Amino acid sequence: MRPYLALTRAMLRSALRYRITFLMGMFGMFFQLIALFAVWRVLLDEREIGGFGWAEMRPYLLIGFTCGMIVSSFTDWRMAYRIVEGTVSLDLVKPVDYQFARFAEIVGGIAAEVGVAVVLWAGVLVFTGPIALPPPELLALFALSMLLVVPLKFLFSYVAGLGCFWTHHYNGIRWTQQAVVAVLSGMMIPLALLPSWLATTAAWLPFAGVASTPGLIFIGRVDAAEAARLVAVQAFWIVVLWLGARLAFRGAVKQLTVHGG
Amino acid sequence: MLRTIRLYLRLLGTHLRASLEYEADFWLMALGAAMTQVAGFVFIAAVFLRVPDINGWTFWTVALLFGMVGFSEGVINLFFEGMWWLADLKHNGELDYLLVRPYPVALQALSSQVGLNGLGNLLTGGALIVAGLVNTDIDWSPATAVVAVLLFLGAMAARVGIMLACNATTFWLEGPTSMFAFAVHQVGDLARYPLAIYPVVLKGLLGVVLPFAFVSFFPVSWLTGEGGTGWLGLLTPLVGVYCVVLAAWVFRRGLTRYESAGN
């Protein structure tokens, strides 16, 4: 475990060392939340849409945004950069598991991101009023599902990053991945409000697990049994993607050509 | 002047040819950019399936706002992408090369990259603008058309100017990335929605400090009569010129601070 903890520490230190860069990045993202809040505030002014009022939408959007904010640090850029540049060869010769090592790095970034999230929540609560907590059993399931967001989001980035072994290019993959997640995770609009064909598609894909699931549980849109089922679905996708990524990695390293050295 | 433009296009052309060498990159970037625009559009389309308007703005007028922001993004990617590499040029001392060539440094820096994602943004943004114009009830006359073209050019200039000015702040900031400009870029996305939905502080920010509202909101408002602030739209060409002049000034001031990186 020690080498992995070292990677986690190194990534946290890096976030704290380049804190202006890190905070500026977070600050920029904050405007996405402002836009979403402004749009929905007007839309839900004295009316409900599909059973969602402003009282539910405010915490839902905040949770979706928080999920979007965490695991967004530079780990996947770093991984992609090293694959494209060939320095990934140094990662490959280290006696650690490549996939788990990248996860350890993500966890280091999260420690810094959670700090920002706490400040954000405090700010939103102060400026827009308190948020009602769900009953204890839902709160516990919410906490669990937030924890599961971390490995799930990591796996999306990781699999996208593995694509670099084939494409030698990351920007386009990353943007596509982010766009798909933005729509199908329910981050901007609850999935129930999407046209039914899109909502059904989203229900069969893993993306809902990184925004919709914790959001719906927190605002009490689902009962405890349904919440537990949704959390189980999150866990299911983590297992499937974790193993799938391992399989993909085997194929991916065969693609690697590193010139010079 | 003509020579300056011709040289600019030639500089861009060389970088474009170099970028097109990597064909898969080209497709992936264009796809990624288009998908990003589509994601925003799916959101707004899904919303409009449930409500008839946002603060009086109908689906197609909001589509125009989205289109203007997306298209201006594409203009920057394709023709002025170098601005995003300014921090890099500064940090690595590569600006030295540009300083000794007989061509404006700012233009050399701007043309030092071509963002192939621009094509995706231009296509999706352009499609939204066309669809928005076709489906909106606009009283077209030759005069309207001329003014509309002027407003469009002004809006594009405003966006390019704001982003160049923000990227040029790298001369005052440390570090190899333009994080400040990235943050401002996110502010620019607020212009995809009607200005009226924002609190007064943000209206001031978008209307005056970082006049992104002139990239989309005010010109579209003039053309469609939506929002009741159309007369401000007529200022768009002036704001565009102002932003570009300001950006050139910031860039020149910043350049005097440049100290190279040794070697």
Is one or more of the residues making up the stretch B:193-211 over 22 Å from B:Asn121 (Cβ atoms), of a type in the set (Ser, Thr, Tyr) and surrounded by fewer than 18 Cβ atoms within 10 Å (Cβ to Cβ)? no
Of all residues in the stretch B:1-51 being in contact (Cβ under 8 Å) with a residue 24 or more places away in the chain, of a type in the set (S, T, N, Q) and surrounded by fewer than 18 Cβ atoms within 10 Å (Cβ to Cβ), which is farthest from B:Asn77 (Cα to Cα)? B:Thr4
Restricting to the stretch B:35-56, give me the number of residues that are more than 9 Å from chain A (Cβ to nearest Cβ) and assigned to a helix (DSSP H, G or I). 2
Looking at the structure I just gave you, is B:Leu78 under 22 Å from the mean Cα position of the chain (by Cα) and at pLDDT below 95? yes
Of all residues in the stretch A:75-85, which are without any contact (Cβ under 8 Å) to a residue 40 or more places away in the chain and either exposed (fewer than 15 other Cβ atoms within 10 Å of the Cβ) or not charged (D, E, K, R) (or both)? A:Glu85
Could you please let me know if B:Ala145 is within 15 Å of the chain's Cα centre (by Cα) and part of a helix (DSSP H, G or I)? no
Please specify each residue of the stretch A:161-218 satisfying the condition of being hydroxyl-bearing (Ser, Thr, Tyr) and either more than 13 Å from chain B (Cβ to nearest Cβ) or closer than 30 Å to A:Ser89 by Cβ (or both). A:Thr167, A:Tyr170, A:Thr176, A:Thr200, A:Ser212, A:Thr213
Residue that is closer than 22 Å to A:Trp40 by Cα, of a type outside the set (Lys, Arg) and crowded, with 17+ Cβ neighbours inside 10 Å, where the choices are A:Gly161, A:Gly186: A:Gly186
What residue, among those in the stretch A:13-44 that are at the interface with chain B (Cβ under 7 Å from one of its Cβ atoms) and among the polar types (S, T, N, Q), is farthest from B:Pro199 (Cα to Cα)? A:Thr21
Selection count where residues are over 18 Å from A:Ala179 (Cβ atoms), polar (S, T, N, Q) and in contact with a helix residue (DSSP H, G or I) (Cβ under 6 Å, 6 or more places away or on another chain), scope the stretch B:39-79: 3
Quick one: is A:Ile70 under 22 Å from the mean Cα position of the chain (by Cα) and surrounded by fewer than 19 Cβ atoms within 10 Å (Cβ to Cβ)? no
Test for B:Val160: is it in a helix (DSSP H, G or I) and within 20 Å of the chain's Cα centre (by Cα): yes
Filter the stretch B:90-104 down to residues that are surrounded by fewer than 17 Cβ atoms within 10 Å (Cβ to Cβ) and closer than 14 Å to B:Phe251 by Cα and give me whichever is nearest to the chain's Cα centre (by Cα). B:Pro104
Note on the stretch B:136-171: residues crowded, with 19+ Cβ neighbours inside 10 Å, of a type outside the set (A, V, I, L, M, F, W, C) and within 22 Å of B:Arg252 (Cβ to Cβ) are B:Arg159, B:Gly161, B:Asn167, B:Thr170
Has the stretch B:15-28 got at least one residue that is at pLDDT below 90, within 11 Å of chain A (Cβ to nearest Cβ), more than 24 Å from B:Gly132 (Cβ to Cβ) and assigned to a loop (DSSP other than H, G, I, E, B)? yes
Kindly establish whether A:Tyr158 is within 12 Å of another protein chain (Cβ to nearest Cβ), under 27 Å from A:Gly251 (Cα atoms) and not β-branched (Val, Ile, Thr). no
Quick check on A:Val88: is it in contact (Cβ under 8 Å) with a residue 40 or more places away in the chain, within 14 Å of another protein chain (Cβ to nearest Cβ), surrounded by 14 or more Cβ atoms within 10 Å (Cβ to Cβ) and more than 21 Å from A:Gly215 (Cα to Cα)? no
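The values are calculated or read from the model by the stated rules, or taken from the named source; none is laboratory data. Since the structure is predicted, the reported quantities are computational estimates derived from the model, not experimental observations. Every residue, glycine among them, receives a Cβ derived from its backbone with ideal geometry; neighbour counts consider all protein chains shown.
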